[in-house]
Amino acid sequence: HAMTAVEVDYENVERVRRSHRDEFKASEGFSLTYLPFISRAVIDALSAFPHMNATVGDGELIVHNYVNLAIAVDLNFEGLLAPVIHNADDMRMKAVARSINDLATRARTKKLSADDITQGTFTISNSGSFGTHLVLPIINQPQVAILDLEAVVKRAVVMEGPEGDSIAIRPMVNLCLSFDHRA
């Protein structure tokens with residue numbers, strides 16, 4: 001079990017989210033959060049790093065050619081479930097957002113089926129909604145990796161530009177990846 005964390009500037013995501021949030025909420029009936037943006041980016045990244053989209057079999061690593069993305073859902077501090085968006089790699093971001101909302105709603109109202117919580121190939125957890133800055137997520141076995149999204153926090157950061165360095169206030173986040181180093 002290993003972990004790595006990177007700090008990410010969410011400024012571009014925030015601009016897009018802010019410019020579409022009212023229209024999105026009116027058409028979809030739920031808020032546009034950061035989670036669909038990161039989920040779609042993770043789905044794309046898994047094609048570049050296929051060993052992170054794998055499960056451990058009996059003495060073997062099974063690398064999947066599809067993404068069944070599990071999203072950890074807090075059940076009002078009474079536990080976690082990780083319902084699965086099956087074939088998420090075939091979905092655009094809006095469809096991913098709809099699936100996340102649907103699965104989270106059904107998880108919290110205890111309306112998931114066994115099929116909804118099985119066959120995940122990679123998991124995303126969102127501890128940042130609780131204000132966290134660095135979490136070591138536990139891998140959802142038999143998967144080999146899980147990504148935790150931390151709190152988005154406005155910070156002063158150094159920006160490199162053609163005219164030199166400057167300081168800007170940006171929405172920053174830590175992304176923490178736990179993974180089975182053998183993968």
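Taking Cα atoms, how many degrees apart are the long axis of helix 11-28 and the longest axis of the chain, rounded to 10 and kept between 0 and 90?
With rounding to tens, the tilt is 60 degrees.
Please provide three numbers in whole Å: the alpha-carbon extents of segment 21-129 along the principal axes, with the largest listed first.
Largest to smallest, the principal-axis extents are 48, 31, 24 Å.
Shape of segment 23-67 from its Cα gyration tensor (a ≥ b ≥ c, root eigenvalues): rounded if a/c is under 1.5, otherwise prolate when a/b > b/c, or oblate? Please list the in-between numbers first.
Working: a/c = 4.44, a/b = 3.09, b/c = 1.44.
Prolate is the answer for segment 23-67, as a/c is 1.5 or above and a/b outweighs b/c.
Can you give me the angle between helix 35-48 and the longest principal axis of the chain, using Cα atoms only, in degrees from 0 to 90, rounded to the nearest 10?
Tilt relative to the chain: about 70 degrees.
Which of the three applies to segment 117-183, rounded, prolate or oblate, going by the alpha-carbon gyration tensor with a ≥ b ≥ c and a/c under 1.5 meaning rounded? Provide the component values of the computation, followed by the final result.
Details: a/c = 3.63, a/b = 2.22, b/c = 1.64.
Prolate, because a/c is 1.5 or more and a/b exceeds b/c.
For a protection proxy built on the mean count of beta-carbon atoms within 10 angstrom, sort 97-104, 58-65, 40-47 highest first, please.
On the way: 97-104: 19.4, 58-65: 10.6, 40-47: 17.4.
Top to bottom by mean Cβ count within 10 Å: 97-104, 40-47, 58-65.
For the chain, what class follows from the C-alpha gyration tensor (a ≥ b ≥ c being the square roots of its eigenvalues): rounded when a/c is under 1.5, otherwise prolate if a/b is larger than b/c, else oblate?
Working: a/c = 1.77, a/b = 1.27, b/c = 1.39.
Because a/c hits 1.5 or more and a/b fails to exceed b/c, the chain counts as oblate.
If you average the alpha carbon positions of segment 118-175 and of segment 1-63, how far apart do those two centres end up, in angstrom?
With segment 118-175 and segment 1-63 each reduced to a Cα centre, they are spaced 10 Å.
Bear in mind that the values in this text are calculations on the coordinates, not laboratory data. Please read these numbers as outputs of a predicted model, since none were measured by experiment. So basically every Cβ, Gly included, is an ideal-geometry build from the backbone, and we count neighbours across all protein chains shown.
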